[in-house]
Structures are given as C-alpha cells and as structure tokens.
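Novice: This is the structure I want to talk about, given as structure tokens.
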Amino acid sequence: MPQTTITFRTDAQTKENFDDFCSEVGMNASVAFNMFMKATLNAGELPFRVSRAKPRIDDASFFGGANLARLNHSKAQAEAGRLSEHETITADD
C-alpha cells in the first residue's frame with residue numbers, strides 16, 4: 001500500500017518526551033501513531049476517553065472566603081518568620 005505523510009505541530013518538550021518514551025518501549029513516533037490510528041479504526045472510537053476537562057477542585061470554594069482567609073493567614077505567618085521547619089512524616093513512620 002502506498003505511504004503518505006502526516007504533519008502536525010506540537011511543542012518541542014512534548015515531542016522530546018514522546019520520542020524518549022517510544023524509544024524506551026522499542027518503537028518510534030511513526031510506529032506509535034500508526035498503532036493509534038489502527039486501534040481507532042478497529043474500535044470505531046478513540047482508544048481513550050475524551051471529555052471536557054473538569055477541575056480537580058471547585059475553584060469557587062478554593063478561592064472563596066474561608067480558604068482565602070486561611071491562605072492569607074499562612075502567608076502572613078511565613079513572612080513574619082513564625083513558621084518552623086520539621087521532618088517529613090510518612091505513613092510508614
């Protein structure tokens with residue numbers, strides 16, 4: 001079957017990271033994208049879920065009254081030098 005070329009744009013860091021990933025799993029980007037296209041066509045859908053992004057937190061409550069006051073209080077304590085450093089506590093301790 002004749003070959004064709006597909007060109008698209010991405011940022012340099014994403015390309016580098018993707019190329020590194022592909023190399024680690026024994027392929028190159030061309031092989032990975034061909035696998036993606038064939039999986040999409042075989043399944044009749046994308047091989048992953050696509051949805052509108054949902055925020056991890058409710059922005060209104062995160063930046064709202066009580067939490068904003070708490071953040072400002074913590075910032076003021078830090079600026080006044082009233083915080084102390086301590087060792088990290090892990091679940092294994």
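Novice: So if I restrict to the alpha-carbon atoms in the chain, what is the Rg, and what is Dmax, the biggest pairwise distance, in Å?
Specialist: 23.8, 71
Novice: From the phi angles alone, apply the Karplus equation (6.51, -1.76, 1.60; θ = phi - 60°) to region 44-51 and give each ³J(HN,Hα) in whole Hz, x where the residue is Gly or Pro.
Specialist: Per residue, the Karplus-derived 3J(HN,Hα) values read x, 7, 5, x, 7, 6, 10, 8 Hz.
Novice: Assign unit charges at the C-beta atoms only (+1 for Lys and Arg, -1 for Asp and Glu), then state the dipole size of the chain relative to its Cα centre in Debye, rounded to the nearest 20.
Specialist: Charge dipole, the chain, about its Cα centre: 600 debye, nearest 20.
Novice: Tell me which GluC sites (Glu not before Pro) from the chain have a DSSP coil assignment and no more than 16 other beta carbons within 10 Å of their own.
Specialist: Within the chain, the qualifying GluC sites (Glu not before Pro) (loop, at most 16 other Cβ atoms within 10 Å) are E45, E85, E87.
Novice: Based solely on its DSSP helices, what 222 nm [θ] is calculated for the chain when runs of n ≥ 4 H residues each add -39,500 (n - 2.57) and the sum is averaged over all residues, nearest 500 deg cm²/dmol?
Specialist: -15500 deg cm²/dmol
Novice: For region 66-93 and region 1-56, what is the centre-to-centre distance using only Cα atoms, to the nearest Å?
Specialist: Result: 42 Å between the Cα centres.
Novice: Go through L83, S61, N28 and say which Cα lies farthest out towards the positive end of the charge dipole of the chain; charges sit on Cβ, +1 for Lys and Arg, -1 for Asp and Glu.
Specialist: Positive-end residue among those listed: S61.
Novice: Can you name the helices of the chain, as whole DSSP H runs, whose Cα span along the helix axis is 20 Å or more and whose Kyte-Doolittle mean is not below -0.5?
Specialist: 29-43
Read the figures in this text as sums done on the coordinates, not as results from a lab. Keep in mind that what you see is a predicted model, and the values were worked out from it rather than measured. Neighbour counts are summed over all protein chains in view; Cβ atoms, including those assigned to glycine, are modelled from backbone coordinates with ideal geometry.
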